[in-house]
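Have a look at the structure below, then the notes.
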Amino acid sequence: MLSRCRRRSPRYAVSVAALAVAGVLGACSTTDETSEPSERERSADLAATSSSSPVTCDPAPDPPTEVQTFTFTQAPLATVPDVAIADVQTNCGTLRFELTGAVAPETVASFILLGNGGFWVDSPCHRLVDANIHVLQCGDPTGTGRGGPGYTFGVENAPVEGLYPRGTIAMARSQDPNSNGSQFFIVFEDTILPPELGGYTTFGTVTSGMDIVDYIAAEGVDGGGVEGMPAQPISITGVEVEEEAKPS
């Protein structure tokens, strides 16, 4: 799952990046002091109970020296819940995900397997993109954009119209539609990913903690620019998943 995070290509060209949409970064929009506020500035936090306290981050842990490997057969599809709640702990606070197993069972089964298996412990979020697309990409314990769990699977539940609203959680992949693995992205501002690229599996929504993602996005990219490692390091330190409802 190679992620060429610092290379730009023509608009909508497919990259072999883990997210495979670096091409939409071909031109950066600019605004002046009189322009309208951005969607992120207009959007309220998705969680109605979100705290107004400022986000603070502890130092990010070093990535693991050894990465676990799994097989997809270890993900028990027969027991995938219709809805699951995942608390994703980070060095900047906890994100709560509502996972939609009813529409993305393979992806949610994989997420539960990796989360409960400790695959993402000390895993850095290695990629921030904030021009035309607006995503924070996580899920590779190596922090290189090339890591995965030892298996891959295909796209499911990709938006037909290509709209990925703020708060969406979706799988990152390469140009190959069967290259989903462990990497995922969080959308922090409504984003269009052209459906002709093959689509990206949407499998949940951030219901709490979008203020953390907004903070990381506001801090920008390390060294400047619109794509690359976040200037404020953020790493997953643990994942806890609770099943809400099993299929009937």
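The values are calculated or read from the model by the stated rules, or taken from the named source; none is laboratory data. Quick caveat, the model's predicted, so the values are computed rather than measured. Cβ sites come from the backbone with ideal geometry, for glycine too, and all protein chains shown count toward neighbours. These accessible areas exclude ligands, DNA and RNA; they are computed on the full protein's heavy atoms, side chains included. Shrake-Rupley method; radii C 1.70, N 1.55, O 1.52, S 1.80 Å.
Would you pick out the residues in the stretch 87-116 that are of a type in the set (G, A, S) and under 21 Å from E156 (Cβ atoms)? It would help to see each step written out before you state the result.
Residues of the stretch 87-116 that are of a type in the set (G, A, S), as a first pass: 93, 101-102, 104, 109-110, 115.
Answer for the stretch 87-116, where residues must be of a type in the set (G, A, S) and under 21 Å from E156 (Cβ atoms): G101, A102, A104, A109, S110, G115.
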Counting only residues that are part of a strand (DSSP E or B) and open to solvent by 10 Å² or more (accessible area, probe 1.4 Å), how many does the stretch 127-152 have? 2
